[in-house]
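Here's the structure we're looking at; comments come further down.
The values are calculated or read from the model by the stated rules, or taken from the named source; none is laboratory data. These figures come from a predicted structure and were not determined experimentally. Methodologically, a virtual Cβ is constructed for each residue, glycine included, from the backbone with ideal geometry; neighbour enumeration extends over all protein chains shown.
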Amino acid sequence: MEFFDPQFWSFLWDADRYKALVADLGPWAPLLAIGAMIIVSFLPLPAETVAVANGMVFGRWEGFVLTWLGAMIAAMIAFCIARWLGAPIIKRILPRATLEKFEILVEKRGAPFLLLARMIPFVPYTIVNYGSGLSPVRLRTYVWTSAIGMAPPIFAFVSVGALMVDQPWIGWLGLVSIIIVCALLAYYARSMWGDRAEQ
């Protein structure tokens, strides 16, 4: 079946095919942007690629709204799945040790840690989404930390995509800047993720 053909999903990492699909869909294209973000959030692929592509195709503001909506929908679905299925099943799908460490940090550090985890791009959405669902964090805390925490990195990557259309060199400069900021945030978060988890 075409659905199971990897080429069918190549639009998730192939910007040219993504643009062609958007052009073919016309007024339905925003649904593709939202759906692509939902799909990539459940796959071992960097969701940032979809954010950049949405910026290139839809522009900064529309691309941001569509990408953020897709990320929030995916976050809610994964959270509910984890709460419904429970730890035994989820920990068979994702690394048990990573999930357990994440649960401990959420329980001990609460909303500040969850907010920080959301603000660092390249931290797998699957770990944050499912890990939060397995932790004792309240739904409302999960919702507001996700909504606020995911907004800055999504806006940054969508903006990079928008800039790459007309000003590629500025777009690449922005991408390098984002990577540097991410590295600094990751360095700070690493101490929370590692040594402090044992405290």
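Restricting the search to helices (runs of 4 or more DSSP H) fully inside the stretch 60-115 and requiring at least 2 residues that are of a type in the set (Phe, Trp, Tyr) gives 60-85.
Only residues that are within 22 Å of Ile148 (Cα to Cα) and either of a type outside the set (A, V, I, L, M) or out of contact with any helix residue (DSSP H, G or I) (no Cβ under 6 Å at 6 or more places or on another chain) (or both) were counted in the stretch 89-105, giving 2.
Give the residue, chosen from Leu99, Leu105, Leu43, that is touching a Leu at 6+ places or on another chain (Cβ under 9 Å), over 16 Å from Val143 (Cα atoms), surrounded by fewer than 15 Cβ atoms within 10 Å (Cβ to Cβ) and not basic (Lys, Arg).
Leu43
Looking at Ala36, Ala51, Ala29, Ala87, just one residue is touching a Ser or Thr at 6+ places or on another chain (Cβ under 8 Å) and not basic (Lys, Arg), and that residue is Ala51. Going by the conditions given, is Leu163 in a helix (DSSP H, G or I) and at pLDDT below 75? No; evaluated as a whole, the condition is false for this residue.
Of the residues examined, Thr49 is one that is surrounded by fewer than 21 Cβ atoms within 10 Å (Cβ to Cβ), at pLDDT 80 or above and within 12 Å of the chain's Cα centre (by Cα).
Looking across the stretch 87-132, the residues that are at pLDDT 75 or above and small (Gly, Ala, Ser) come down to Ala97, Gly110, Ala111, Ala117, Gly131, Ser132. In the stretch 116-148, the qualifying residues are those that are of a type in the set (A, V, I, L, M) and in a loop (DSSP other than H, G, I, E, B), and the one that is nearest to Thr98 (Cα to Cα) is Val123.
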